[in-house]
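Worksheet for the structure shown next.
Derivation of every value follows stated rules applied to the coordinates shown; laboratory data play no part. All values derive from a computational prediction rather than experimental measurement. Heads up, the Cβs are rebuilt from the backbone with ideal geometry, glycines too, and the neighbour counts pull from every protein chain shown.
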Amino acid sequence: GDSSVALQAQEEIIEMKDVFSVKLKRRRFAGQIKGGTLLGITIFKCLKKEENKLTDCAIHLNNLSEDHCQSWFRHLKEILNGFQNRPKSLKVFVNPSSHKREATDIYYDKVAPLFKLADIKTDVTVTEYEGHALSVLKGCELQAFDGVVCVGGDGSVSEVAHGLLLRAQIDAGKDTDYVSKPARALVPLGVIPAGTTNILAHTLYGIKHAVTATLHIVMGHIQAVDVCTFSTPSKLLRFGFSAMFGFGARTLALAEKHRWMPSSQRKDFAFIKTLADLKPEECELSFLPLQIPQEDSHEKDRMTLLYLGSKDQWQKIQGHFLNVSIMAIPCLCSMAPRGLAPNTRLNNGSMSLIVVQNTSRAEFVKHLKRYTTAKNQFNFPFVETYTVREVKVQPRLKSGPDAKENMCVTAEGNYPWNIDGDLMKEASEVHVRVHPQLIDLYGVNTDDLESSQATCNCI
C-alpha cells in the first residue's frame, strides 16, 4: 500500500472448509484461451448469506511471482483434495418436462458453472420419458461416480432415489420382489429443485434455491435419510419417502388426467374439484407404534427409539377416512412451512401416520388451511397422529350403487396412491416400512462434516 494512506490493514481469516475452488488468475486478451499475464490466485468460497441461502464469492490474492503463486496454488489444492466427502465425478439427470420446463436452463445456467469451477466431472442424461432415469441407473457403471444428481421435481427425484436403491439391492444379490432388510444406496443423491412443490429440496435445504442446493453438493455436505418400502403381499412396489391415500391421492389422480393443462392450473383445478366431490375411503389401518423415551442422563446426545411389543402386537383402526398420510420425513414446502409431518425427522427411524377421519367439508378445509400457518394442524377431534415403524393399509372396495360414485377406483378395483408426487394404483393391501438412514442425500450442513481446521490468513 501507499505509506500516505492512513488505513491500517485488517486481517481476514478464511476457513478452508468453506473454500471449494482455487484458480490462477491471469489477464488474457479477447479470444486468448491459454497463457496470459499472471496476476495472482483467486479463492472461491461458499458464503451463507441468509438463514438458509448459500452463495459463492471470490477473493483475489494479487502476486506477480509465477513460482510463488504456483506454490500457493498446489498447497491449497492439496488441502481441498483432502475433504473426502466432496465429489469429483457426478452422474446428472435433468428432467426437461418438470414444472415450467425450466430444469435444463437451471442446470446449464446455474448448476453446471459451479460444478466446472469446483473441477467436478459430470455425465449428463436429459431424460426423455418416465422411467428413463431408472433404466439408465440399472445399467450404468455407478462405481465411476461419487454421487448422483437429479434436476427436477419431486417425481423425478423419487424415481432416481428408487433407482439408486433398487440398484443397491441388485448389486447386493437381494431379491427385488421382496426386500425385508434392504441394502444402503452406494452413492449419495443430490437434489436440484426445478419442480412445483420441491418437498425434498425444501426439507433438506429449507429453501428452493438451485445455487444453495448446488453448493451443498460441491461442499460434500451429506445427510443420512430414512426411506420407506411400499409393498403388496406379493411384491415390492417402490422405495420412497412419503405417501398419501385418500384426498391427497385422489387430487393427484385427477390432475394426471388433465395433463394437457399447465402445471399450476391443473393442480388447482384438481384440488378444487376433489374438494367439491369430497368422499371418505373405507379402509382398515394396522400399524406398529413407536415410543420415544425420555433422554437418559448418561446418553443426552443420543436419541433411542424403543419398539413397543413384538411383531405380533399390531394396533388396528378401521372406518371412513378422508386422508391417510404416511411420512418418514417432515415434508416441508412453501405451502406448508412447518411441514406436512412436523413430528418426524429426516433420520430418526420413524414414520408419522396422520389419519383424517370423515368430517364435514368446512372442518376439513380448516384442517388444510392450518398447514400454511404456525398453528397446530392436528388439533382437531377428527385428526389422529401416530409415530410408527410399519403400516398396513387395506382398502374396502365399495359394492352396490355407491361403487359408481368412487370415480378414482378403476374397473380393476385399483385405488390411487400418491407416493412422493408420483401416482400409483394398487388394488390390494399396501405394507409400508421405514428403514433408518438407507440413503445419503447432499444437504444439511452439520458441525462434524469437516474435521480439518486448516485456515488461510490473508492481509
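Around the amide H of Gly339, modelled in the peptide plane, lie the amide H atoms of Cys333, all under 5 Å away and 5 or more residues distant in sequence or on another chain.
Between Ser428 and Gln315, full extension at 0.36 nm per residue minus the direct alpha carbon distance yields a gain of 38.7 nm.
Each pair of Cα atoms in the chain enters the Kirkwood radius, and Stokes-Einstein at 20 °C and 1.002 mPa s then converts it into a translational diffusion coefficient of 88 µm²/s. A convex hull fitted around the alpha carbon atoms of the stretch 146-202 yields 83 Å³ per residue. Scanning residues 5 or more positions from Thr122 or on other chains, those with amide H under 5 Å from its amide H are Leu90, with H placed 1.01 Å from N in the peptide plane. Applying 1/(1 + (r/R0)^6) with r as the Cβ-Cβ distance of Tyr178 and Tyr129 and R0 = 35 angstrom yields a FRET efficiency of 0.80. Distance between the pseudo-spin-label points of His258 and Ile79 (7 Å out from Cα toward the beta carbon): 5.7 nm. Here the mean projected area of the convex hull built on the C-alpha positions of the stretch 16-82 is 5.6 nm². The stretch between Ala374 and Lys138, if pulled fully straight at 0.36 nm per residue, gains 80.7 nm over its current Cα-Cα span. Cross-link check: pairs Lys316/Lys392; Lys110/Lys208; Lys208/Lys369 evaluated at a Cα-Cα cut-off of 20 Å; pairs beyond the cut-off: Lys208/Lys369. The protection proxy used here, the mean number of other Cβ atoms lying within 10 Å of each residue, ranks peptides 343-355, 173-185, 150-162 as follows, highest first: 150-162, 343-355, 173-185. Please work out the C-alpha center-to-center distance from the stretch 242-290 to the stretch 122-191 and express it in whole Å. Rounded to whole Å, the Cα centres lie 27 Å apart.
Annotation: amide H of Glu284 within the under-5 Å range of Gln394, Arg396, sequence separation 5 or more or interchain, hydrogens built in the peptide plane.
Take the convex hull of the alpha carbons in the stretch 67-154; its mean projected area over all directions comes to 7.1 nm².
Residue pairs exceeding 29 angstrom between C-alpha atoms, taken from Lys77/Lys100; Lys121/Lys257; Lys53/Lys77; Lys77/Lys174: Lys77/Lys100; Lys121/Lys257; Lys77/Lys174. Sequentially through the stretch 319-326, phi angles give Karplus couplings (6.51, -1.76, 1.60; θ = phi - 60°) of x, 10, 10, 6, 7, 10, 10, 10 Hz, Gly and Pro residues having no value and appearing as x. Using all pairs of distinct alpha-carbon atoms, the Kirkwood hydrodynamic radius of the stretch 1-115 works out to 17.5 angstrom.
Computed from backbone phi with θ = phi - 60° and the Karplus coefficients 6.51, -1.76 and 1.60, the 3J(HN,Hα) list for the stretch 108-120 is 6, 8, 10, 8, 4, x, 6, 4, 5, 4, 8, 6, 9 Hz; x is used for glycine and proline. Calculated FRET efficiency, Gln10 to Met335, Cβ-Cβ distance, R0 = 45 Å: about 0.50 to the nearest 0.05. Evaluating kT/(6 pi eta Rh) at 37 °C and 0.692 mPa s, with the Kirkwood radius of the stretch 89-220 over Cα pairs in the Stokes-Einstein relation, gives 220 µm² s⁻¹. Reported value for the stretch 121-167: 75 Å³ per residue, from the convex hull of its C-alpha atoms.
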